[in-house]
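Single-structure report; data block below.
The values are calculated or read from the model by the stated rules, or taken from the named source; none is laboratory data. If you're wondering where the values come from, they're calculated on a predicted model, not measured in any experiment. Quick reminder, even Gly has a Cβ in these numbers, built from the backbone with ideal geometry, and neighbours come from all protein chains shown.
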Ligand SMILES: Cc1cc2nc3c(=O)[nH]c(=O)nc-3n(C[C@H](O)[C@H](O)[C@H](O)COP(=O)(O)OP(=O)(O)OC[C@H]3O[C@@H](n4cnc5c(N)ncnc54)[C@H](O)[C@@H]3O)c2cc1C
Ligand code: FES
Ligand code: FES
């Protein structure tokens, strides 16, 4: 089946089998190996990317379901040569050891900060609760995200709002 | 690398077309909503549908709205949307309580309310919560629309009253004066329940006029504790009654031992969580947040 997916602002058209998972489409078809893959049960969250502006586990989405939709991966996080504050935070606070969970953690962190410029430690822990890190014990990941919040990482709320306009039919209607 | 077995994929552009596709492909076709139950099962080869009908494009099924005296929740409403909905939080705290502890934020971004109910997993949280609320389900198939009381919907583990080529369209719950709460014990954040209990109380002049008790993961028939509900009706909303209702609920469920715990532990939890959910609901009825 022929699909066209916009990834980090660029359109890609490929012929894929319906059973191809989005995570494998990104990694194997597009060579975007920043998105990792770590389980068969949708539990670990290392495959987290944005689908139409919302973080999802890409191992549990079919590539064909992303046809005509927009994906953002860790490769789309930096602005040219300038790292996103979230990336800077992970460097500054040693938010990673092996780095396996890091891309997914950063995608969730970016989304959280776009929606809440000043999240509490509890908010951060809740946001990443579907993602596993085998190395850091989460302390430094939480610190990294706080660092990003305190260093201008939450300032991009204005464009985030434009991104997250509710799709038609998604808003709450009160009779 | 675990990948699903091959299948045909079709994207439905309307409800009618989804039903037509289901009819055309026959019993080996399945709809896919959030895919967060179906795709893991397909990866593990516990399910091998020959065709998937994708209903993610059906915006008409993605609405939460107040319709007359009912709250109507479309089958394609995502968990995260139900959790964030102010009207749900105001009238149905049991749903907000339950959504907070279903899976994790990422799964909730994609998994749907309808998919949860149609999956009919014996540990599903929303099945217990909507059963306590006595929700009505609206289904649509080749023969048109019909409504099914949720207590007639669950036929057994992974088995519902939906006919072939029939879709769940909407879940309806009357908005009335009642109090509710949901309490769950899980092994870790984001896990399925060891046991969870939901309570719904209608209280008039200090007397319980109607009670709903939903239980999940403990083999309660159709996710409810009917004898405990019967016991509560007509009684006073006090601690003694809630403790007794918990004891009755614990007796009427049929837990099985598994990696989440032995039978007597689960039975104990069923009773205790029922009592706590009732207490929390009653406290809310008196305007105290619990
Ligand atoms: C890691 C993880 C943890 C989880 N933890 C919990 C938890 O703690 N508690 C809990 O309750 N759930 C939990 N879940 C389950 C999750 O809530 C469900 O996967 C999800 O809500 C099911 O919805 P879905 O839209 O993904 O359904 P799908 O997977 O798309 O579909 C499930 C089934 O329902 C059928 N179906 C879907 N929509 C319709 C419809 N409108 N009409 C007819 N049939 C339909 C499909 O054909 C399929 O058979 C967890 C899931 C994961 C992956
Ligand atoms: S790879 Fe583990 S959740 Fe996706
Ligand atoms: S840094 Fe190694 S898994 Fe998180």
Within the range B:47-89, the residues that are touching a helix residue (DSSP H, G or I) at 6+ places or on another chain (Cβ under 6 Å), touching a residue at least 60 places away in the same chain (Cβ under 8 Å) and more than 9 Å from chain A (Cβ to nearest Cβ) are B:55, B:73, B:75
Note on residue B:261: of the conditions (1) in contact with a helix residue (DSSP H, G or I) (Cβ under 7 Å, 6 or more places away or on another chain); (2) crowded, with 16+ Cβ neighbours inside 10 Å, unmet is (1)
The one condition residue A:60 fails out of (1) within 16 Å of ligand 3 (Cβ to nearest atom); (2) in contact with a helix residue (DSSP H, G or I) (Cβ under 6 Å, 6 or more places away or on another chain) is (1)
Residue pairs within 7 Å by beta carbon, gap of at least six or interchain, first lying in the range A:111-136 and more than 11 Å from chain B (Cβ to nearest Cβ), second modelled with pLDDT of 95 or more and within 16 Å of ligand 1 (Cβ to nearest atom), listed first then second, are A:133/A:101
- Would the range A:106-117 turn up any residue that is modelled with pLDDT of 95 or more and within 16 Å of ligand 1 (Cβ to nearest atom)? yes
Residue B:156 vs (1) modelled with pLDDT under 95; (2) touching a strand residue (DSSP E or B) at 6+ places or on another chain (Cβ under 7 Å): all pass except (2)
Scanning the range A:43-81 residue by residue, the ones that are assigned to a strand (DSSP E or B), at the interface with another protein chain (Cβ under 9 Å from one of its Cβ atoms) and either surrounded by 20 or more Cβ atoms within 10 Å (Cβ to Cβ) or at pLDDT below 95 (or both) total 6
